[in-house]
Amino acid sequence: MKQFFNKTLKKLSLHSVCLASLTIALPAVAADQASFVLDVSQTGAKINKNIYGQFTEHLGRGIYEGIWVGEDSSIPNTKGYRNDVLQALKALHVPVMRWPGGCFADEYHWRDGIGDRDSRPIRVNSNWGGVEESNQFGTHEFFEFAELVGSETYLNVNLGTGTAKEMAQWLEYMTSTNNSSLAQERRANGRDKPFKIDYLTIGNEAWGCGGNMTPEFYSHLYNQYATFAKTYNGTVPVFVASGGTGDDTSWTDVLSQNKKAKMDAISFHYYTLPTNDWNAKGKSITFPESEWHSTMINTLKMEKFIQDNIAVLDKNDPEGEIGFYVDEWGAWYDVEADHNPGFLYQQNTIRDAVIAASNFNIFHQYAERVHMTNIAQMVNVLQAMILTDKEKMLLTPTYHAFKMYVPFQDATQLELKTEQMAYETFEGETYPLVSASAAKAKDGKTYVALVNLSAKDDVEVNVDLKGQNASRAQGQLLTAKQMNSFNSFDEPERVKPVAFKSKIRSGKLAIKLPAHSVLVVQLK
Ligand code: AHR
């Protein structure tokens, strides 16, 4: 069932008064419409490139097979990292990557992952399928991989089963430039130059897998660990406290009030489940239209969660010194049949591209506080950019959405006001059919992103341009035949962006935005 925003209702009723006297019959319902006013003279916050951050955990085939195949693999690789994945990630301009977890981080002991690979211990990955963890991918491999991709590093240290001493020694090992035994050990393991840790978080989901703690208890531990988290290479990472989830703002509140040690940001996790039921989350491909709607409703909750947490930060940190990092987000579906349930492998459809882009638009809007987000996860796990099957690799619709939004990295927000909006209603809840965002990119050009959240209907979108003389909009459109179209290893290019061009007449961009689509255009 469709609804229209107030202004549309007013317009429709005016039409019917005039038409009543002429007794001409018009269709009762107009086509879905949304209209915006873009004022390029009204600039806002910088959209931090790290909003397009990634997350990779020792989970399923995320790292092993997905990134690391080892130097002796028949899969083409550079020093053990698969070439196809490296190339795809470089094209994505991945600004930052978080490692080694997730829940895994709170059971990770760094000494297991250094030194001669043949001598590294085999542990049990107790969080994710109880499989063997070979530790072939460790500290050196992570930093080398980030360097190859050209990404900054975000390290998650162990609070749950580690100690402040273990963390402090790991940091010394990675960053020391002098002749301390730990620095010499790093050199003996093949790395003279210290590693650069750009971002550092202490513990993960302390409210759950990270130790079932209260925010008060964790905040004391955070202050203790952060006090001893020293680096020795002349650069100090951005310090992140591990925060809450969903509609619970108590973590942001307690952490920001109890801040005694360095704390530059508080993190937050929220996953989109179609059903809201962790035991039967919903399928990645074979989902009914009702789950399209519930997924859209659930993913858009991100905005309210961010608003609520920002309100708490505005109260406790009015100077805006503490950032808000959504360092895990994305869609979480039932694991694909015939896959280890602990591996969280799921397919990815055009629905996922719509989810990703709608979230980008939300993150842009709150860019003043939201300085980083990390989708879960980069390869083969949850809402992945890339899926691999032995030597085969495919790019998911989510990958394409990330790539289309690259111009928004470090761009400046532009004011985009909604004048009219069509809504979908499902089980008493409504959601807008179009999500939009506009920014001035680093190259000085204006970009507009429009997302059609409808499962089936095209929407007529009008953007009124103020302060910009442009004659055309040019960019890329990502859509698909069906709401559940996806890329498979047999047909890896079924869903991919196509070139898009539209004329701008009298300062107005008028587009028919196809159902379930993502459009990013530059105004020329
Ligand atoms: O991303 C998968 C898991 O989800 C992470 O390990 C954990 O932090 C979250 O619960």
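Dividing the C-alpha radius of gyration of the chain by 2.2 N^0.38 Å, with N its residue count, gives 1.01.
Take every DSSP beta bridge whose two residues both sit in the chain, then give the antiparallel share in percent to the nearest 5. Roughly 60 percent of the beta bridges in the chain run antiparallel, per DSSP. When nucleic acids and ligands are ignored and a 1.4 Å probe is applied, ASP118 ends up with an accessible area of around 140 Å². Comparing Cα centroids, the stretch 186-203 and the stretch 248-288 end up 28 angstrom apart.
Secondary-structure-derived ellipticity at 222 nm for the chain, considering helices only, amounts to -7500 deg cm²/dmol, per-run term -39500 (n - 2.57) for DSSP H runs with n ≥ 4. Taking every protein chain into account, the accessible area of the chain amounts to 40 square angstrom per residue (probe 1.4 Å).
Here's how it looks for GLU328: its modeled amide H is under 5 Å from those of PHE268, TYR270, ASN374, which are all 5 or more places away or on a different chain.
Potential lengthening of the chain between LYS79 and LYS315 amounts to 80.1 nm, from the contour at 0.36 nm per residue minus the alpha-carbon distance. Please tell me the relative contact order of the chain in percent, rounded to the nearest whole number, where contacts are Cα pairs under 8 Å and at least six residues apart. The value is 20 percent.
When the residues TRP207, TRP170 are ordered by accessible surface, computed with a 1.4 Å probe over the protein chains alone, the sequence from largest down reads TRP207, TRP170. Across THR214, THR252, the residue with the most accessible area heads the list, and the full order at a 1.4 Å probe is THR214, THR252. The accessible surface of the stretch 48-410, taken with every protein chain in place and a 1.4 Å probe, is 48 percent carbon and sulfur. For PHE55, the residues 5 or more places off, or on other chains, whose built amide H falls under 5 Å of its own are ARG98, ILE375, MET378.
These residues, THR227, THR349, go from largest to smallest accessible area, 1.4 Å probe, as THR227, THR349. Centre-to-centre, using Cα atoms only, the stretch 416-464 and the stretch 107-124 are separated by 48 Å.
The values are calculated or read from the model by the stated rules, or taken from the named source; none is laboratory data. Every value quoted in this text rests on a predicted model; they were computed, and no experiment measured them. Ligands, DNA and RNA are stripped out before the accessible areas are found, and what is left, the full protein with its side chains, is counted by its heavy atoms. Shrake-Rupley method; radii C 1.70, N 1.55, O 1.52, S 1.80 Å.
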